[in-house]
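Participant: Structure provided below as structure tokens; questions to follow.
The values are calculated or read from the model by the stated rules, or taken from the named source; none is laboratory data. Predicted, not measured: the structure shown is a model, and the values here were computed from it. Because the Cβ atoms are built from the backbone with ideal geometry, glycine has one as well, and the counts that use them run over all protein chains shown. Surface areas here come from the heavy atoms of the whole protein model, side chains and all, with no ligands, DNA or RNA. Shrake-Rupley method; radii C 1.70, N 1.55, O 1.52, S 1.80 Å.
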Amino acid sequence: MSPPVAPPGWSRWLVPPAALSVHLSIGQAYAWSVFKPPLESALALSGTQSALPFQLGIVMLGLSAAFGGTLVERNGPRWAMTVALVCFSSGFLLSALGAAVEQYWLIVLGYGFVGGIGLGIGYISPVSTLIKWFPDRPGMATGIAIMGFGGGALIASPWSAQMLESFGSDSSGIALAFLVHGLTYAVFMLLGVLLVRVPGSARSAPGAGGTARPALTGPQVSANQAIRTPQFWCLWIVLCMNVTAGIGILEKAAPMITDFFADTATPVSVTAAAGFVALLSAANMAGRIGWSSTSDLIGRKNIYRVYLGVGALMYALIALFGDSSKPLFVLGALVILSFYGGGFATAPAYLKDLFGTYQVGAIHGRLLTAWSLAGVLGPLIVNWIADRQEEAGRHGASLYGLSFVIMIGLLVVGFVANELVRPVHPRHHIPAPREAAHVERQQSESA
């Protein structure tokens, strides 16, 4: 499938909606916590076990993004979005079968493995294209699209909760909910497949409505060279620590807020817990566009100082005072999730600043392996410690105190790694004649 080239007069502002249709769909992953209690009840699972599909999905997201990044650069966004559609929807259909026959391994395989491949390819599919369409505002452009991934749960969380209420929370009701998800998201993602375009060979000013293929300006680093630089691995640590801190709350959001206030005079209902998940999704989404756009003004390094430093402070406040004040708990979690989303949305622009646009999509895919580790580490820390504390007879907020202390430590590690980021040494840059040849070859291929 050849990349669809934009015709003359094509507006670049049609590309973000195409990206959003995919990212809003695959962003359902952030609403997985809504399915955790029903699955635990229907299939007799522990909290750690019910997190497996989500954890494997995030692992496969990072791995498929890393290994598929070069293919996405070569084949274009339409090919990538098509692969994402097939894998993500098929994952739900396999999960529906698994729930119907009460075979949990099929849910893990479908949602986690197959669906996770769709997550990874779908996540990186529009990034390189958006940066090429919006060279003047890379933070804003990628923030608009990646905002959709963060906001997917804002739709999926109440929608999934309503389906489980209507269909039932037993295995057959869960199966039917998975089936509806798979079919609906296939249709929605198809809109992005049909709409997306890459810039044509004609050049225009960044603010124009016509097509544009930005030239490679400034230092450029190939994907293979990028992973040999200390800057890449510092950013890898930064992303891994920031994601671990956010995903630890996000994956267990619904049961966490229920546990925190279970022993108070105003316990949290199932509906309110689902609403909390939706609020976190809204903060995740708002952070992706708000903080990434702010990074265009104050710089990437400064914005990551905010994510990691203030994030550690929010975790400390929740750990110390969260169980005595619902507003404080909710506000602290919302701030952390806004930083979590902002960290994702700012990463492609940070990579562009350091390595150029030459193979930024492939470099971004390799960076997302940090998400793979964080997707296991965050839920594992929170769920394993909560399970052990529960076995020891503890309950309520005490289930999470140690987890939050660990998260603070991880954010401090990320803060230090961000401080170590410096401009890439010229020995890693590709020669200028090679840049010119690359642009010429791309233009001839798209003609």
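Participant: Which one of these does Pro8 not meet: (1) touching a residue at least 40 places away in the same chain (Cβ under 8 Å); (2) open to solvent by 50 Å² or more (accessible area, probe 1.4 Å); (3) part of a helix (DSSP H, G or I)?
Facilitator: (3) is the only condition that Pro8 fails.
Participant: Okay, next question. Going by what's in this entry, would Tyr123 be described as in contact with a His (Cβ under 8 Å, 6 or more places away or on another chain), in a helix (DSSP H, G or I) and assigned by the TED database to the domain that holds Ala186?
Facilitator: Yes: the conditions hold for Tyr123.
Participant: Follow-up question, since we're still on this one. Could you look through the stretch 94-119, keep only residues that are aliphatic (A, V, I, L, M) and under 17 Å from Leu183 (Cα atoms), and pick out the one that is most open to solvent (accessible area, probe 1.4 Å)?
Facilitator: Leu97
Participant: Return the only residue of Ser46, Ser64 being over 18 Å from Leu183 (Cα atoms), assigned by the TED database to the domain that holds Thr129 and modelled with pLDDT of 90 or more.
Facilitator: Going through Ser46, Ser64 in turn, the sole match is Ser64.
Participant: Go through (1) under 23 Å from Val59 (Cβ atoms); (2) open to solvent by less than 10 Å² (accessible area, probe 1.4 Å); (3) not aromatic (Phe, Trp, Tyr) and name the single condition Leu373 misses.
Facilitator: Leu373 satisfies every listed condition except (2).
Participant: If you check Thr294 against the conditions, is it within 30 Å of Ala362 (Cα to Cα) and either touching a residue at least 60 places away in the same chain (Cβ under 8 Å) or not assigned by the TED database to the domain that holds Gly148 (or both)?
Facilitator: yes
Participant: Can I ask one more? Somewhere in the stretch 85-102, is a residue outside any helix (DSSP H, G or I) and over 21 Å from the mean Cα position of the chain (by Cα)?
Facilitator: Our first condition is that a residue be outside any helix (DSSP H, G or I); within the stretch 85-102, this holds for 101-102.
Right, trim to over 21 Å from the mean Cα position of the chain (by Cα) and you get 101-102.
Yes, the stretch 85-102 contains at least one residue that is outside any helix (DSSP H, G or I) and over 21 Å from the mean Cα position of the chain (by Cα).
Participant: Also, quick follow-up: Tell me whether the stretch 72-90 contains one or more residues that are at pLDDT below 90, open to solvent by 10 Å² or more (accessible area, probe 1.4 Å), in contact with a helix residue (DSSP H, G or I) (Cβ under 8 Å, 6 or more places away or on another chain) and not acidic (Asp, Glu).
Facilitator: yes
Participant: Please count how many residues of the stretch 269-284 are open to solvent by less than 80 Å² (accessible area, probe 1.4 Å) and in contact (Cβ under 8 Å) with a residue 24 or more places away in the chain.
Facilitator: Summing the residues that are open to solvent by less than 80 Å² (accessible area, probe 1.4 Å) and in contact (Cβ under 8 Å) with a residue 24 or more places away in the chain in the stretch 269-284 gives 10.
Participant: When the residues of the stretch 398-425 are narrowed to those that are of a type outside the set (A, V, I, L, M, F, W, C) and part of a loop (DSSP other than H, G, I, E, B), which ends up surrounded by the most Cβ atoms within 10 Å (Cβ to Cβ)?
Facilitator: Start the filter on the stretch 398-425 by keeping residues that are of a type outside the set (A, V, I, L, M, F, W, C), which leaves 398, 400-401, 403, 409, 414, 418-419, 422-423, 425.
If we keep only those that are part of a loop (DSSP other than H, G, I, E, B) as well, we get 400, 422-423, 425.
Numbers: Tyr400: 26, Arg422: 12, Pro423: 9, His425: 12.
Checking each candidate, the answer is Tyr400.
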